[in-house]
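Q: Questions regarding the structure given below will be posed in turn.
The values are calculated or read from the model by the stated rules, or taken from the named source; none is laboratory data. If you're wondering where the values come from, they're calculated on a predicted model, not measured in any experiment. Because the Cβ atoms are built from the backbone with ideal geometry, glycine has one as well, and the counts that use them run over all protein chains shown. All accessible areas refer to the heavy atoms of the entire protein, side chains included, with ligands and DNA or RNA removed. Shrake-Rupley method; radii C 1.70, N 1.55, O 1.52, S 1.80 Å.
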Amino acid sequence: MTSLDHPWPEPPAPGTTIQVAPGIQWLRMPLPFQLNHINLWLLEDGPGWTIVDTGVGLPDTRALWDRIFAEHLDGRPVTRVLVTHFHPDHMGNAAWLTERWGVQLWCTQGEYFAARLASQRTSPEDFAPRLEHYRRNGANPDALSRLAGRGNHYPGLVPSVPIEFHCVREGDVLAIGERRWQVRIVLGHAPEHACLWSAEDDVLISGDQVLPKITTNVSVWAEQPWENPLKLYLDSLARFRPMATGTLVLPSHGLPFRGLHERIVMLRDHHAARLSETLDALREPHSAAEMVPVLFRRQLDTHQLGFAMGEALAHLHFVEADGRAVCVAGDDGVHRFVKA
């Protein structure tokens, strides 16, 4: 049973919008993954509109944007493009939109430079460190072959990244139309993910940090192979404590909802259960790859496998960091964790 309240039981149809609060329009774009959609937001901004997040840079998404421009902007221009974080479903059309409307990209510094880095890694040699990361954490030859075949999908979904940006920082207050949005930087899912909070109107644009149904992916990646992102993520959930019980949460996936604090309890409980499962398994040594079927009891496609490996490793690093497990490198070079 869920205690969340979803004011709108259905999302907007493709190419249309739903007003979720005065001056805030909800639109939805398709994604070429099992998670098949992203929610985007139009905020009235004086004489125009601020776009929050952009969808992947594919022709069908841009065709839907053209419909939005023709039918739902009331003849007003886009005044800025704000991206919560660098992942392709959020950053994918940032360059296309900013060039089309002659406006700036607004995002945090960490997300901008992560996007630039990801978009420039186009060769097999660039992807080699990630494959070594997977091998070190127990991926077998078949999994490595699948992951190598997929390679870096980022440039295909983010054809270009703007050459300049307006930096958004923790504590900034953005005047967008008649609202003042406080910037809250949260960690664990992305380097410097920005959430936007209108305290006066009790509205939160939560990006991927708080979702109503699925859990946010929290992964260890090759660029920071010893990181403890799950601790960063769980600690960041405290950023939402000052927000009112009735806050309207506008997430990137799923339906808008009320019940923010109830959902945060669910998320903490979920990860506590996953950590308990992890420790139970670590009575015997396990690599991250060997933990994947323990934590994900379903068939995974190649896209999901990379995320599952990263998330399994995040849980292993969490229990290692708090002293409940130790990591041992085997003669085969694979890192395995065992209960301390």
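Q: Quick one: how many residues across the stretch 90-104 are over 19 Å from His253 (Cβ atoms) and either basic (Lys, Arg) or in contact with a Ser or Thr (Cβ under 7 Å, 6 or more places away or on another chain) (or both)?
A: Total meeting the criteria: 5.
Q: Give the residues of the stretch 166-225 that are in contact (Cβ under 8 Å) with a residue 40 or more places away in the chain and of a type in the set (Lys, Arg), sorted by residue number.
A: If the condition is that a residue be in contact (Cβ under 8 Å) with a residue 40 or more places away in the chain and of a type in the set (Lys, Arg), then Arg169, Arg179, Arg184, Lys213 are the ones that fit.
Q: Could you tell me which numbered condition Leu305 fails, if it satisfies all but one of (1) modelled with pLDDT under 95; (2) assigned to a helix (DSSP H, G or I); (3) in contact with a helix residue (DSSP H, G or I) (Cβ under 6 Å, 6 or more places away or on another chain)?
A: (3)
Q: Out of the residues in the stretch 120-136 that are under 23 Å from the mean Cα position of the chain (by Cα) and not in a helix (DSSP H, G or I), which is surrounded by the fewest Cβ atoms within 10 Å (Cβ to Cβ)?
A: Within the stretch 120-136, the match that is surrounded by the fewest Cβ atoms within 10 Å (Cβ to Cβ) is Thr122.
Q: What number of residues within the stretch 137-172 satisfy the criterion of being assigned to a helix (DSSP H, G or I) and either of a type in the set (Val, Ile, Thr) or surrounded by fewer than 19 Cβ atoms within 10 Å (Cβ to Cβ) (or both)?
A: Going through the stretch 137-172 one residue at a time, the tally reaches 10.
Q: With the requirement that a residue be surrounded by fewer than 24 Cβ atoms within 10 Å (Cβ to Cβ) and closer than 18 Å to Cys195 by Cα, what does the stretch 59-87 give you?
A: Residue satisfying the conditions is Arg80 alone.
Q: Take the conditions aromatic (Phe, Trp, Tyr) and touching a Ser or Thr at 6+ places or on another chain (Cβ under 7 Å) and apply them to Phe318. Does it pass?
A: Numbers: aromatic (Phe, Trp, Tyr): yes; touching a Ser or Thr at 6+ places or on another chain (Cβ under 7 Å): no.
For Phe318, the condition - aromatic (Phe, Trp, Tyr) and touching a Ser or Thr at 6+ places or on another chain (Cβ under 7 Å) - is not met.
Okay, residues lined up against (1) more than 20 Å from the chain's Cα centre (by Cα); (2) within 18 Å of Asn137 (Cα to Cα):
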residue	(1), (2)
Arg263	no, no
Arg274	no, no
Ala288	yes, yes
Met291	yes, yes
Arg297	yes, no
Val319	yes, yes
Ala325	yes, yes
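Q: Quickly run through the stretch 173-191 and pick out the residues that are assigned to a loop (DSSP other than H, G, I, E, B) and closer than 13 Å to Leu232 by Cα.
A: Leu187, Gly188, His189, Ala190, Pro191
Q: Within the stretch 34-42, identify whether any single residue is open to solvent by 20 Å² or more (accessible area, probe 1.4 Å), within 14 Å of Pro251 (Cα to Cα), modelled with pLDDT under 95 and not β-branched (Val, Ile, Thr), and answer yes or no.
A: Yes, the stretch 34-42 contains at least one residue that is open to solvent by 20 Å² or more (accessible area, probe 1.4 Å), within 14 Å of Pro251 (Cα to Cα), modelled with pLDDT under 95 and not β-branched (Val, Ile, Thr).
Q: Just one of the numbered conditions (1) open to solvent by 40 Å² or more (accessible area, probe 1.4 Å); (2) basic (Lys, Arg); (3) without any contact (Cβ under 8 Å) to a residue 60 or more places away in the chain is not true of Arg336; which one?
A: (3)
Q: Checking the condition free of Cβ contacts under 8 Å to residues at least 24 places away in the same chain and either more than 20 Å from Asp208 (Cβ to Cβ) or among the hydrophobic types (A, V, I, L, M, F, W, C) (or both), which residue from Leu147, Leu97, Leu131, Leu73 passes?
A: Within the list Leu147, Leu97, Leu131, Leu73, the selection yields Leu131.
Q: Further question on the same structure: Tell me yes or no: at least one residue of the stretch 148-155 is under 18 Å from Leu300 (Cα atoms), more than 22 Å from the chain's Cα centre (by Cα) and not polar (S, T, N, Q).
A: Among the residues of the stretch 148-155, at least one is under 18 Å from Leu300 (Cα atoms), more than 22 Å from the chain's Cα centre (by Cα) and not polar (S, T, N, Q), which makes the answer yes.
Q: OK, next. Any residue that is of a type in the set (Lys, Arg), open to solvent by 60 Å² or more (accessible area, probe 1.4 Å) and not in a helix (DSSP H, G or I) - is there at least one of those in the stretch 268-278? Break it down stepwise before answering.
A: Filtering the stretch 268-278 down to residues of a type in the set (Lys, Arg) leaves 268, 274.
Then drop every residue that is not open to solvent by 60 Å² or more (accessible area, probe 1.4 Å), which leaves 268.
Still in the list and also not in a helix (DSSP H, G or I): none.
The answer is no; no qualifying residue exists.
Q: Look through the stretch 192-209, keep the residues that are surrounded by 23 or more Cβ atoms within 10 Å (Cβ to Cβ) and in a loop (DSSP other than H, G, I, E, B), and return whichever of them is nearest to the chain's Cα centre (by Cα).
A: Ranking the qualifying residues of the stretch 192-209, first place goes to Asp208.
Q: A further question follows. What number of residues in the stretch 220-252 are open to solvent by less than 10 Å² (accessible area, probe 1.4 Å), in a loop (DSSP other than H, G, I, E, B) and under 20 Å from Ala114 (Cβ atoms)?
A: 2
Q: I need the full set of residues from the stretch 30-61 which are assigned to a loop (DSSP other than H, G, I, E, B), free of Cβ contacts under 8 Å to residues at least 24 places away in the same chain and either out of contact with any strand residue (DSSP E or B) (no Cβ under 8 Å at 6 or more places or on another chain) or among the small types (Gly, Ala, Ser) (or both), in order please.
A: Of all residues in the stretch 30-61, those assigned to a loop (DSSP other than H, G, I, E, B) come to 31-36, 46-47, 53-58.
Then drop every residue that is not free of Cβ contacts under 8 Å to residues at least 24 places away in the same chain, which leaves 36.
Of everything in the stretch 30-61, nothing turns out to be assigned to a loop (DSSP other than H, G, I, E, B), free of Cβ contacts under 8 Å to residues at least 24 places away in the same chain and either out of contact with any strand residue (DSSP E or B) (no Cβ under 8 Å at 6 or more places or on another chain) or among the small types (Gly, Ala, Ser) (or both).
Q: Give me the residue from the stretch 282-318 that is small (Gly, Ala, Ser) and open to solvent by less than 20 Å² (accessible area, probe 1.4 Å) and, out of that set, nearest to Pro32 (Cα to Cα).
A: Gly306
Q: Could you list, in sequence order, all residues of the stretch 47-58 that are under 17 Å from Gly102 (Cα atoms) and open to solvent by 10 Å² or more (accessible area, probe 1.4 Å)? Break it down stepwise before answering.
A: Narrowing the stretch 47-58 to residues under 17 Å from Gly102 (Cα atoms): 47-54.
If the condition is that a residue be under 17 Å from Gly102 (Cα atoms) and open to solvent by 10 Å² or more (accessible area, probe 1.4 Å), then Pro47 is the only one that fits.
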